[in-house]
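To start, the structure under review is shown below, and the notes come after it.
The values are calculated or read from the model by the stated rules, or taken from the named source; none is laboratory data. The structure displayed is predicted, hence computed values, not measured ones. Using ideal geometry, Cβ is built from the backbone for each residue, glycine included, and neighbour counts are taken over all protein chains shown.
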Amino acid sequence: MQPLTVSIAFVAALLARQALKFWLAGRQARHVHAHRGAVPPPFDSSIPLAAHQRAADYTQARLRFSLVTDSLGAALLLGWTLLGGLDLLNGIVRDAVQPGFGDMAYQLALVAAFSLISGLLDLPQEWVRVFRLEQRFGFNRTTLALFVTDLLKGALVAAVIGLPLLAAVLWLMQAAGSVWWLWAWALWVGFVLLMQVIFPTWIAPLFNRFEPLADEALAGRVQALMARCGFRASGVFVMDGSRRSSHGNAYFGGMGRAKRVVLFDTLLSRLKAGEVEAVLAHELGHFHHKHVLSMTLRGFALGLAGFALLGWLSSQPAFYVGLGASPNMAAPNDALALLLFILAAPAFTFFVSPLSAWWSRRAEFEADAYARAQTSGSELASALLKLHEDNAGTLTPDPVYARFYYSHPPASERLAALAH
């Protein structure tokens with residue numbers, strides 16, 4: 001493998017990704033605009049024209065924003081890699097930290113410095129998204145104080161949890177020989193499973209308030225539904241999602257005894273009891289069909305392939321040089337390899353996105369069918385329409401765009417399936 005080959009492959013993948021993103025976004029924008037003037041026939045009796053046009057405008061605004069941020073992200077990616085940004089940072093951190101504190105401290109400091117700089121560079125985009133885009137369409141309820149508090153809490157949690165995990169991986173890369181990637185993968189699997197247990201109970205409450213469902217009638221319906229479906233949870237909780245956004249949602253979190261049902265307060269304020277029950281039955285359908293288990297196992301398999309690939313690439317000098325870095329053979333390059341892999345991989349994996357989206361859409365259809373069998377298809381359809389309207393989801397997406405990106409089927413396809 002030659003450095004020039006790596007550079008050409010990376011640039012070709014990045015340019016192809018950006019060209020495809022722009023082409024798909026153009027299709028979506030034209031299709032949504034062309035159908036903005038009238039509510040499509042399946043929905044013309046239930047969705048007001050004003051709501052349909054608001055969804056079209058929101059879709060267009062998000063498309064424009066994503067094209068800007070994608071372009072900036074691609075430029076930043078080239079800056080970190082081929083233009084030498086990461087190599088420069090690596091040299092500064094190595095010279096400042098390694099002589100006095102050793103190899104492990106230098107590598108942890110490199111990842112920490114990269115993460116901090118990347119977070120600061122992404123901060124203006126996130127601020128515009130929350131306080132301009134979401135605010136413009138009436139979705140944002142986040143205050144500046146809450147925005148800053150979330151950032152600080154997120155950084156603290158990432159440091160407390162991420163740095164020990166990173167240190168363990170870096171140690172394995174040095175101590176476990178040529179099969180370090182297998183041991184690192186096993187450690188990562190254990191970490192993911194552990195997070196499924198501790199996140200709902202210990203981490204999520206740092207950001208949101210979770211209270212037991214106070215509506216006894218609704219709680220009784222939910223408990224009866226879970227009993228019919230053979231699903232056990234530690235409780236049914238209401239989350240104060242309205243502190244940050246008016247978007248509504250519901251989910252099942254955790255695993256084992258830590259499983260819990262979580263309802264956004266925004267969801268409860270909009271849906272009737274039967275509709276809430278139908279939405280929860282849909283989520284239970286994912287567990288019934290073992291979608292969560294299948295997704296987890298698939299993620300583990302892909303993770304194994306990724307670690308194996310990194311294990312090979314980290315021993316290839318051309319991998320570093322071809323991505324704009326100059327490895328110091330007298331010092332460990334494990335953190336540098338990790339960062340380069342994290343930066344470069346999305347340019348190549350983007351093209352398999354449609355496969356993941358297709359699997360997800362199929363799972364959604366199966367979960368809808370399960371919900372219809374357990375509760376009421378008409379109640380689920382009514383809930384989906386309300387959520388679609390409240391979240392300003394377009395009813396007229398471009399078919400090609402939807403097939404490439406959408407993890408959920410378009411509303412017209414879901415409702416048609418529920419009607420049969």
When I92 is evaluated against the numbered criteria (1) touching a Ser or Thr at 6+ places or on another chain (Cβ under 8 Å); (2) assigned to a helix (DSSP H, G or I), which criterion, by number, is the only one it fails?
(1)
Unique residue being surrounded by fewer than 17 Cβ atoms within 10 Å (Cβ to Cβ), in a helix (DSSP H, G or I), small (G, A, S) and on the phi < 0 side of the Ramachandran plot when the list is S407, S382, S378:
S378
Among the residues of the range 8-52, count how many are closer than 13 Å to P397 by Cα and surrounded by fewer than 16 Cβ atoms within 10 Å (Cβ to Cβ).
5
With respect to V321, determine if the residue is in a helix (DSSP H, G or I), under 27 Å from L213 (Cβ atoms) and among the β-branched types (V, I, T).
no
Touching an Asp or Glu at 6+ places or on another chain (Cβ under 8 Å) and either of a type in the set (S, T, N, Q) or assigned to a helix (DSSP H, G or I) (or both), is that true of L170?
yes
Within the range 296-311, identify whether any single residue is surrounded by 14 or more Cβ atoms within 10 Å (Cβ to Cβ), in the same structural domain as I92 (by TED's automatic domain parsing) and closer than 30 Å to G100 by Cα, and answer yes or no.
yes
Of the residues in the range 167-210, those that are under 18 Å from the mean Cα position of the chain (by Cα), surrounded by 17 or more Cβ atoms within 10 Å (Cβ to Cβ) and of a type in the set (A, V, I, L, M) number 1
Out of (1) out of contact with any Phe, Trp or Tyr (no Cβ under 7 Å at 6 or more places or on another chain); (2) in contact (Cβ under 8 Å) with a residue 40 or more places away in the chain; (3) in a helix (DSSP H, G or I), the odd one out for V39 is which?
(3)
Pick from Q60, Q18: which is part of a helix (DSSP H, G or I), under 30 Å from L78 (Cα atoms), in contact with a His (Cβ under 8 Å, 6 or more places away or on another chain) and in contact (Cβ under 8 Å) with a residue 12 or more places away in the chain?
Q60
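Yes or no, residue by residue, for (1) crowded, with 18+ Cβ neighbours inside 10 Å; (2) of a type in the set (S, T, N, Q); (3) more than 19 Å from the chain's Cα centre (by Cα):
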{"residue": "V238", "(1), (2), (3)": "yes, no, yes"}
{"residue": "G241", "(1), (2), (3)": "yes, no, no"}
{"residue": "G248", "(1), (2), (3)": "yes, no, no"}
{"residue": "Y251", "(1), (2), (3)": "no, no, no"}
{"residue": "K259", "(1), (2), (3)": "yes, no, yes"}
{"residue": "F264", "(1), (2), (3)": "yes, no, no"}
{"residue": "L267", "(1), (2), (3)": "yes, no, yes"}
{"residue": "G274", "(1), (2), (3)": "no, no, yes"}
